[in-house]
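Here is the structure we will look at, set down as structure tokens.
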Amino acid sequence: MSVLTSGEFWAFVGVVAGIYTILTLGLQIEFGYAGLLNFGHVAFMAIGSYTMAILVVKSGWSMWLAAPAAVVASAAAGVVLGLATLRLRADYFAIVTIALSEIVRYVATNEDRLTGGSQGTINLAGAEEASDYNSQWQRFQDWFQGALHLGSKDVAMLLLVWAVALVLTALVALSIRTPWGRVLRAIREDEDAARSLGKNVFAYKLQALALGSALAGVAGLFYAWQFAFFSPADFAPLLTFFAWMILILGGVGRAWAVPVGALVFGVIFAGTRFFEFAPFTWFDSAERAYLRLMVIGLVLIGLILFRPQGLLGKREELVLE
Amino acid sequence: MFLQLLANGLVTGAVYAIAAVGVSLVYGILRIVHFAYGDLMTFGAFVAVTFDTTLGLGMIVATAAAMVAASALSVGLDFALWRPLRARRANFMSLFLASIGLALVLRQAIFLAWGPQPRAFDVDPFKVYTIGSVRLSGAQVIAIVVAVVAIVLVGLLLSFTTLGRTMRAVADDRSLAAVAGIDTGRVVLATWVLSGALAAIAGVLAGLVQSTFDPNFGFTLLLPVFAAVVLGGIGNPYGALAGGFLLGIVTELSTWEGFGGGVDPVYKPVVAFAVLIVVLLARPQGILGRARLV
Amino acid sequence: MSALLEVRDVVRSFGGVRAVDGASLDVEAASITSLIGPNGAGKSTLFNIVSGFLRAEAGTVSLEGRRIDRLPPHRIARAGLVRTFQTARALARMTVLDNVVLAAPRQPGERLVRNVVGGRATRRREQEVRVRAHELLELVRLDGHAHALAATLSGGQRKLLDFARVLMTEPRLVLLDEPMAGVNPVLRGELLEHVVSLREEHGVTVLLVEHDLEVVMGVSDRVVVMSNGAVIASGPPDGVRSDARVVDAYLGVEE
């Protein structure tokens with residue numbers, strides 16, 4: 001029970017929530033604003049993480065150059081996705097995006113020499129070099145920790161992630177209030193009406209995908225920095241579904257709903273670890289992991305049934321009706 | 001080798017085809033992209049394996065039990081989840097997301113009930129049938145036979161019974177069907193029963209063919225099944241059949257050395273997805289789908 | 001002098017059926033032209049082709065002498081040819097004001113970067129646009145609803161909103177797809193006045209599809225009649241009304 005009050009544990013939960021915030025912000029732009037059903041979102045996170053790691057370890061780039069390059073790579077991948085699939089009707093698009101994200105995962109799993117294969121980045125260049133992309137970050141994080149006299153590494157990472165997450169949230173919120181954002185929302189409402197008013201719908205959708213994927217790439221960077229080693233299994237479709245859940249939980253179409261949704265999701269997910277009462281006590285810890293995911297699934301269903309506008313959404317502006 | 005791959009492809013294709021018909025019916029009639037269908041297949045396989053190995057009742061009883069269980073579960077879920085959503089006039093997105101939530105719940109439930117260890121059916125692994133240059137395991141032969149029977153029966157149902165024709169009418173045009181006075185309640189029930197049974201069959205066959213399977217395997221199959229459905233034109237059960245077989249065959253054949261060395265077998269699922277994407281680029285409505293002015 | 005809009009020998013089929021079968025028509029600048037014909041004559045299809053939402057299989061469409069038949073719909077709209085839809089496509093979850101503001105041309109803010117670089121010009125234009133939007137909403141008497149969601153408007157009000165939006169685009173030619181459909185009699189008069197004012201006060205050319213023949217005859221400078229995918233008659237309302245072919249076409253279908 002003492003873990004429940006452990007600062008480190010909750011700092012960790014906070015970090016993960018921060019990463020999910022950045023990831024879901026991307027989805028908010030793609031779906032919440034532009035109405036695109038991207039169910040392969042996690043692939044762009046993977047591209048961000050892997051691109052940075054590969055550039056640093058295999059090509060010897062400085063991490064501070066590899067990071068923005070990775071974000072650009074994610075954005076470019078988003079554009080490629082769009083060029084190939086935006087002509088499809090919404091349901092086909094959704095299915096194809098899942099397929100594409102699985103392709104990315106398969107390639108990452110099987111191209112050992114490029115990505116370290118299924119064992120992950122620990123394999124990238126042999127044991128002692130694999131942490132190279134992380135050591136530059138660790139040094140920065142340690143400096144940050146020292147400069148602010150923080151107690152632990154987790155707290156340092158927490159602050160860094162959330163600083164970025166909140167800035168990005170603010171930027172996304174601002175962007176939707178521009179004329180550009182207005183066109184996106186119009187596209188979500190009625191594409192043909194938007195076209196009849198002179199808006200190049202295809203171009204805007206591509207932009208939404210590029211930005212959304214870039215954000216996923218940034219999330220991927222923080223994922224790589226937080227977890228040091230990662231593997232393709234970390235980027236399973238389940239993560240995309242978590243992002244969707246957070247999106248709905250917070251409220252579709254409102255940028256500031258994303259951090260709220262991510263925090264609540266984090267608390268639900270982590271908090272269920274500590275339920276020391278029946279029926280949870282009937283299960284051993286391995287089984288509780290299944291139970292936790294079950295709870296997540298039930299929460300998602302419950303949201304759709306009872307509160308589709310999420311925590312912060314308004315009923316009239318319901319996208320999920 | 002080519003013929004062997006073709007035979008393997010037919011087997012894989014059969015599994016895809018049966019599942020694809022189920023998915024297609026659910027989509028066509030209920031407008032639900034059933035993301036939990038893979039886990040329903042897993043459920044069928046696990047129920048069957050319990051009846052087969054744990055209770056020792058043999059494959060036929062096991063499959064029957066699986067079909068009953070999966071149909072019952074599907075119908076139960078209609079009452080618990082889909083009906084309330086229909087009452088709220090949920091749109092495509094809501095239904096899709098609800099099915100994702102359902103998939104999560106179902107899979108974890110299977111993990112909880114049966115545990116994570118891989119299972120296998122009680123089939124003689126050494127029994128091999130040889131036709132010319134093609135060798136088929138006992139499991140594969142059973143799969144083909146059962147698949148053919150199932151497909152023929154479903155085809156007969158859809159083409160020649162009133163219920164079947166009604167189902168196809170509703171799948172084709174829901175609002176029109178309602179106006180024509182079709183009892184959509186009965187059709188909905190029939191859809192869940194049939195798609196549940198098909199999921200069970202597909203799950204059992206897949207488990208047979210794969211020799212061992214764990215609670216995740218249904219979902220792994222689901223994406224190629226979706227690909228088959230989209231390929232054949234969504235909502236069209238015959239298209240789904242064709243799509244399933246096509247994908248199964250193309251996927252297996254792609255590993256043939258005659259095609260410039262052949263694709264690494266580990267990339268077979270990628271081939272399925274690649275085929276889907278290429279076809280959709282050229283023909284966005286799918287092979288047998290109708291070009292709708294959306 | 002060539003007409004503002006020239007449609008020549010346009011052909012389009014659906015699954016073997018020729019919806020538009022060699023249709024040709026002219027629309028003169030600063031005029032109101034009505035396109036009429038029995039159901040299934042191909043009017044909507046022709047509309048969709050002219051506005052770029054459907055591709056013609058053969059034939060040409062020119063606006064002010066420029067070929068537009070291969071252009072995507074948004075480029076045609078930018079060229080000054082703006083259309084409405086049969087069911088008013090109000091952007092439901094956006095405010096009434098935003099619906100109109102959206103339609104304004106030449107908004108630098110619609111490029112994301114310009115909201116940061118050159119932000120002042122962007123904001124200035126945004127201000128201008130808002131003022132103009134309010135003017136237009138006043139014109140259609142929807143100014144009181146400016147900040148309400150468009151979803152709260154009635155069908156007739158949505159048509160008025162459509163109208164304000166179209167004006168906002170500063171069009172040369174407006175295609176009105178059954179503007180009176182589903183509008184209650186009270187609002188009809190108002191809507192009709194606005195249609196006429198398009199030509200009178202704004203110098204905008206109008207091509208409209210309409211089933212209400214009274215409206216058509218009263219308001220049009222020219223009437224074009226379609227039947228079975230082709231244009232069978234065109235001219236001033238009175239001439240067309242008594243044209244035997246036209247009577248035939250309508251009676252023939254009503255059987």
* Asked: In what sequence, highest mean first, do B:6-12, A:16-22, C:45-51, C:8-14 appear when ranked by Cβ atoms within 10 angstrom?
  -> A:16-22, C:45-51, B:6-12, C:8-14
* Segments B:266-273, B:201-208, C:120-127, B:76-83 sorted - mean Cβ within 10 Å per residue, highest first -> B:201-208, B:266-273, B:76-83, C:120-127
* B:ASP172-C:SER242 FRET efficiency (beta carbon distance; Förster radius 30 Å; 0.05 resolution) -> 0.10
* Under 15 Å from a label point 7 Å along Cα→Cβ of A:LYS153: give me every residue in the stretch A:206-234 with its amide N that close. => A:223-230
* Highest-MSF residue in chain A out of A:LEU166, A:LEU174, A:LEU100 [GNM, Cα springs under 10 Å] -> A:LEU174
* Given a Förster radius of 51 Å and the C-beta distance between A:TRP256 and B:THR162 as r, what FRET efficiency does 1/(1 + (r/R0)^6) yield to the nearest 0.05? -> 0.40
* **Where a label projected 7 Å from the Cα of A:ALA84 along Cα→Cβ would reach, residues of the stretch A:23-60 with amide N under 19 Å** => A:36-51
* Where the centroid of each part is defined by its Cα atoms, how far is the stretch C:198-212 from the stretch A:1-66 in Å? -> 54 Å
* Asked: Once whole DSSP H runs in chain A are found, which of them have Cα atoms spread over 18 Å or more along the helix axis and a mean Kyte-Doolittle score of at least 1.0?
  -> A:7-27, A:42-59, A:63-85, A:153-176, A:201-227, A:237-250, A:257-271, A:285-306
* Highest to lowest packing among B:186-192, B:122-128, scored as the average C-beta count within 10 Å -> B:186-192, B:122-128
* Asked: Taking 1 over the mean of 1/r across every pair of different Cα atoms in the stretch C:56-152, what Kirkwood radius in Å do you get?
  -> 15.7 Å
* **chain C - mean residue ellipticity at 222 nm from DSSP helices (-39,500 (n - 2.57) per run, n ≥ 4, rounded to 500)** => -11500 deg cm²/dmol
* To do: Go ahead and estimate [θ] at 222 nm for chain B from helices alone: -39,500 (n - 2.57) per DSSP H run with n ≥ 4, summed, over the residue count, rounded to 500.
  => -23500 deg cm²/dmol
* Residue mean of other protein chain beta carbons inside 10 Å, A:246-255 -> 1
* Kyte-Doolittle mean at least 1.6 and Cα extent at least 20 Å along the axis: which DSSP H helices of chain B qualify? -> B:2-30, B:58-77, B:92-114, B:138-160, B:217-232, B:268-282
* Asked: Residues with amide H under 5 Å of C:MET226's amide H, sequence separation 5 or more or different chain, H placed in the peptide plane at 1.01 Å from N; which?
  -> C:ILE36, C:GLY37, C:ILE232
* Asked: Counting partner chain Cβ atoms within 10 Å of every residue's Cβ in B:221-230, what's the average?
  -> 3
* Label-point separation in nm, A:ARG273 to B:VAL68, each point 7 Å along Cα→Cβ -> 4.3 nm
* Does anyone have the angle between helix C:185-202 and the longest principal axis of chain C? Alpha-carbon axes, 0 to 90°, nearest 10? -> 80 degrees
* To do: Check the straight Cα-Cα distances from A:LYS153 and name the aspartates and glutamates below 12 Å, setting aside those fewer than 8 residues away within the same chain.
  => A:GLU8, A:ASP142
* Asked: Which value in deg cm²/dmol, rounded to the nearest 500, describes the helix-derived mean residue ellipticity at 222 nm for chain A, given -39,500 (n - 2.57) per DSSP H run of n ≥ 4 and division by the residue count?
  -> -23500 deg cm²/dmol
* To do: Return the FRET efficiency for the residue pair C:HIS134, C:SER197: r is the Cβ-Cβ distance, R0 is 25 Å, and the value is rounded to the nearest 0.05.
  => 0.90
* Within 10 Å of each Cβ in peptide A:301-309, how many partner chain Cβ atoms are there on average? Round it to a whole number, please. => 5
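Each value in this text was obtained by applying a stated rule to the coordinates, not by laboratory testing. It should be emphasised that the depicted structure is a prediction, and the values quoted were computed from it without experimental measurement. In this analysis, Cβ positions are derived from the backbone assuming ideal geometry, glycine residues included, and neighbour counts consider all displayed protein chains.
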